[in-house]
1. Going by amide H atoms built from the backbone, whose H comes under 5 Å of the H on Val401, apart from near neighbours?
2. Below 8 Å between Cα atoms, with a sequence gap of 6+, how large is the relative contact order for segment 194-383 in percent?
3. Could you list which residues have their amide H under 5 Å from that of Asn450, counting only those 5 or more apart in sequence or on another chain, with H placed in the peptide plane?
4. For segment 225-315, with equal point scatterers placed on the C-alpha atoms only and solvent neglected, what are the log10 I(q)/I(0) values from the Debye formula at q = 0.26 1/Å, to two decimals?
5. Ordered by residue, what ³J(HN,Hα) values in Hz, to whole numbers, does segment 92-108 give under the Karplus form 6.51 cos²θ - 1.76 cosθ + 1.60, where θ = phi - 60° and Gly and Pro are x?
6. Given the rule -39500 (n - 2.57) for each run of at least 4 DSSP H residues, summed and divided by the residues of the chain, what is its mean residue ellipticity at 222 nm, to the nearest 500 deg cm²/dmol?
7. Pop the C-beta distance of Glu21 and Val442 into the FRET formula with R0 = 56 Å and round what comes out to the nearest 0.05.
8. So if I place +1 on the C-beta of Lys and Arg and -1 on the C-beta of Asp and Glu, and nothing else carries charge, what would the dipole magnitude of segment 189-239 be about its Cα centre? I want it in debye, nearest 20.
Amino acid sequence: TIAVLDFGSQYTQIIARRIRECEAYSRLYPYGTSAEQLRADGVIGIILSGGPSSVFAKNAPLPDPKIFELGVPVLGICYGVQLMGRLLGGAVAKSKEREYGHGTLSIAKPGRLFNKLPRKLRVWNSHGDKLTALPPGFAAIGTTENSPYAVIEDRARNFYGIQFHPEVFHSERGSDVLRNFLLNVCGATQDWTTKDFIKHAVSDIRRTVGKSRVLLGLSGGVDSSVAAALLHRAIGKQLTCVFVDNGLLRAGEREAVEALYGRHFKIDLRVVDASALFLRRLKGVSEPEQKRKIIGRTFVEVFEKSLKQIGKGVDYLAQGTLYPDVIESVAIDNNPAALIKSHHNVGGLPERMKLKLLEPLRELFKDEVRAVGEALGLPREVVWRHPFPGPGLGVRVLGEVTRDKLEVLRQADTILLEEMRKSGWYAKVWQAFCVFLPVKSVGVIGDERNYSWVIAVRVVESIDAMTADWTRLPYDLLQHISNRITNEVRDVSRVVLDISSKPPATIEWE
Ligand code: XMP
């Protein structure tokens, strides 16, 4: 086991992720975990994470000093290196200014950490205090513009310190530095796979839950689907899934959920048909924010009511929260910890219902969740689904939402998705969907004039939905999609293509 002692950095989970990428096994520990505990757990290496605190702060989080006597390699990152400076007899200077952003690292002696890596690397800094004198036994092996002690090592004791953040994507070859630490310095074995994650998660869930019942709001999206499959593997009939049909779903969505979770996995699935209520509340409302608020509020209300009905003996509410949901933003600010917030999809519900929250995926990133889903036997269509907004088609029928418009949109959207899948483009794009435009245009079918609705096609590429660009689909494919929609969907006379990027547009139209 590699122990990651968590001093509160928003990057701690990214360190853990990098370790998983090396297929080595790691555990996050609270920063104050005793050396004795770490020894008992068979720890072969320790990483001290960064953190928002200053080593000079009154309540600065400190590790058990005995961890330096365990005889295992230690790597301090950022705050971690300042701790080493402080606890092992070096000197640290207090600084009001944070050094933040890119720097250039020059490596004098590669040693085991920078083995086979370039001598100059662009690295990402985010720290206030910094090391000003080396602790005894240490030598500096790398420098940046602002720090003569950017990388330090004590070869005899296998202690290493890195002032910048090797774990973040912006640090060039940073993951190779961590890999060198894990494999060359700690001698970690590479045998930790998705199957092991599932095995551990299953026993964790069983231990936590005991004989209690667990409720999960299932949306059919990737995260809640994987959470459902994982929880079901762990606790079987103690899990109840609630799927709310809000009347704003795409064609066949509810049936697919019933078939997969109800019949295939044999999960105790309760489908709540609240479509009439949602559509009634949306009647006459055309302002997008108001629509979103109504849909969100109604969802919480319906979910809470069904909880009361079926929630006897339920102690846990499970959610498919992922790590990127846990941090609000990866941007670094003066105080990274201040950015960290807990993410509640069902806003305040667990507190009101006195339920404990269970989030078995909260340490994982999206691609890892997909791998877990595949290993649990979820079909590829589920695991690789595009994102779909909570308010559903409610924000894709522009203006007032009605049953008729929803039906037109569903038919057009089904055709688009069919053609995207058939041509192999579905898997290459971030999202592909139709938008119902509440304008009528003139068309002609046979000899007849027809005056009916317009459908917009929106297909985008993106890495994280923060920015997006429209996808250059082949003209032939676009023509085929347009032909099918205008021919097969009654009441559509025209198809237009959205060629806006984000920013300045957004991915959704409302
Ligand atoms: P925008 O339209 O803001 O969308 O560029 C960015 C991404 O978020 C999705 N989206 C939502 N997801 N609830 C969600 O769960 C929502 O209310 C919501 N609104 C937008 C959108 O589909 C895109 O992937």
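1. Amide H neighbours of Val401: Gly284, Val285.
2. On the way: 250 pairs, mean separation 53.0, N = 190.
With pairs under 8 Å counted, the relative contact order is 28 percent.
3. Here the answer is Gly443, Val444, Ile445, since their amide H atoms fall under 5 Å of that of Asn450.
4. Results for segment 225-315 at q = 0.26 Å⁻¹ read -1.32.
5. Result, rounded to whole Hz: 10, 9, 6, 9, 7, 7, 8, 8, 9, x, 6, x, 10, 9, 10, 9, 8.
6. Values: 16 runs with 157 residues, N = 510.
It comes out at -9000 deg cm²/dmol, rounded to the nearest 500.
7. Values: r = 56 Å, r/R0 = 1.01.
Approximately 0.50, to the nearest 0.05.
8. Details: 8 positive and 4 negative charges, 73 e Å.
Its charge dipole is roughly 360 debye.
Each reported figure results from applying straightforward, stated rules to the coordinates on display, with no laboratory input. Given the structure is predicted, the values throughout are model-derived calculations rather than measurements. Backbone-built Cβ (ideal geometry, glycine too); neighbour counts: all protein chains shown.
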